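In what follows, a structure is listed as structure tokens, so that the remarks can point back to it.
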Amino acid sequence: MDGNPRPPLEDLPWRIWISPSTDPYRNAALEEVLLGDRGTPHLLLYRNRDSLHLGKNQYPWAQVRVEEWQREPLPLLRRSTGGGTVFHDEGNLNFGFVADAPVGTAFREHLALVQAALARLGLATEQRSPSDLLVEGAKVSGNAQCCTRGRLLHHGTLLWRTDPARVQRYLTPTAGGYESRGIDSRRSPVRNLADRFPAITDAEEFLRQLAAAFAEACPRAVPGGALPSAWERTADVRHAGWRDPAWVYGRSPRTTYHRRVETAAAVLEWRATVQRGKLTEGACWWVREGRRTELPAVAPALEGTWHEPEAVRARLAELPLASRERLPLPPDDLRLFF
């Protein structure tokens, strides 16, 4: 970065790419690859299959309904950007701008490009908050960004046709009793765009038309064509890092929580701290007829375990039989620990 004023975004020579993949890990890796291509501005358009995407500074189970996630454990990713947790499916379109930019670049600069592209398709939008676009008061696009070594990633969503019931199924309305310094998600009324474009048959066609609209809004933009094979190979290597528990869970803020579950035998209680994604400082007890009895084997068994359902279930299965009998819960009932 030479300190000279940067030209307006619409005057940059954007390379526009459409990812052929719906693998959320691979598309996250592709954005990471573009961040490393210094000097060149890129716009990546893509769709992801069903998946949940945490903001960089969020605690997973304060945002995701763990009981629903256990029934259908969708890919759970932590973004490199801030903001709230979002649900992706193939009816949700995504765009990622990557270019040289200073820290503190305003959201409105990139959102203005999105608005200009949508206007060319006949859709008027408004920006009421720093990171959202709305149509008639309902949210159609949420955005987040980060800056790394002088390169800025700004990415966002566009709701084409997503079932709001599925979004509500997976995402919590509140933090659910978890206390941390993490960022909470803001839930807003949303609107699908498909009804506004009856001539466009599906999300893939809308993605292609959106790419053409971006090219019209930015006269120096050029279609990228097929992704370079070197990028594809690099994404093959890097996509595993987006699955790493040390990133998905280990980047969580320090969190404390307390759970209370009533059973036929007693009232069970559990209190714990989660540090860097792992359980620490836990205590488990039951209350029967007003008397509190500690279950001393439970907390040591879980200490150092990733706070994630399969890891917790596996550790509980290793408890001595006598301790398991004093914890009168079915193996799949993890309400006490989440």
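How much net charge surrounds G137 when only the other residues with a Cβ under 13 Å from the Cβ of G137 are counted, with Lys and Arg +1 and Asp and Glu -1? Could the numbers behind the result be given before it?
Values: positive: R128, K139, R191; negative: E126, D132, E136.
Cβ neighbours under 13 Å give a net charge of 0.
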Q. Along the Cα-to-Cβ line of R243, 7 Å from the Cα, sits a label point; which residues in segment 73-105 have backbone N less than 20 Å from it?
A. 73-80, 88-90
Q. For the chain, what's the radius of gyration and Dmax over Cα atoms, in angstrom?
A. 22.8, 75
Q. Highest GNM mean-square fluctuation, the chain, Cα pairs closer than 10 Å: which of R128, R49, R288?
A. R288
(Q) Run lengths n ≥ 4 of DSSP H only: what is the helix-derived mean residue ellipticity at 222 nm for the chain, with -39500 (n - 2.57) per run over all residues, to the nearest 500? (A) -7500 deg cm²/dmol
Q.
Only Cα pairs within less than 10 Å get springs; with that Gaussian network setup on the chain, which residue of E109, E303, E31 has the largest fluctuation?
A. E109
Q) Hey, rough spin-label estimate for R108 and A138, points 7 angstrom out along Cα→Cβ, what's it come to in nanometres? A) 2.7 nm
Q: Between the alpha-carbon centers of segment 107-159 and segment 228-275, tell me the distance in whole angstrom.
A: 29 Å
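From the Cα gyration tensor of segment 255-337, with a ≥ b ≥ c the square roots of its eigenvalues, which class applies: rounded if a/c is under 1.5, or else prolate if a/b is larger than b/c, or else oblate?
On the way: a/c = 1.76, a/b = 1.38, b/c = 1.27.
In terms of gyration-tensor shape, prolate.
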Q. By count of other Cβ within 10 Å, fewest leading, how are C218, C147 ordered?
A. C147, C218
Q) Along each of its three principal axes, how wide is the spread of alpha-carbon positions in segment 11-165, in whole angstrom units, largest first? A) 48, 36, 30
Q: Set the Förster distance to 56 Å, then compute FRET efficiency between A264 and E216 from the Cβ-Cβ distance, nearest 0.05.
A: 0.25
Q. Classify segment 177-239: rounded, prolate or oblate, from the alpha-carbon gyration tensor (a ≥ b ≥ c, eigenvalue square roots; a/c under 1.5 rounded; otherwise prolate if a/b is larger than b/c)?
A. oblate
Q) Anyone know which of A165, A106, A213 comes out most mobile in the 10 Å Cα GNM of the chain? A) A165
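Which of the chymotrypsin sites (Phe, Trp or Tyr not before Pro) found in segment 1-97 are loop residues per DSSP with 13 or fewer other Cβ atoms within 10 Å of their Cβ? Could you put the intermediate results ahead of the total?
Working: sites: W14, W17, Y25, Y46, W61, W69, F87, F95, F97; in loops: W14.
Those that pass, being in a loop and sparsely packed, number zero.
Each reported figure results from applying straightforward, stated rules to the coordinates on display, with no laboratory input. In this text the structure is predicted, and so the values were computed from the model without any measurement. Cβ coordinates were reconstructed from backbone atoms using ideal geometry, including for glycine residues, and neighbour counts include every protein chain displayed.
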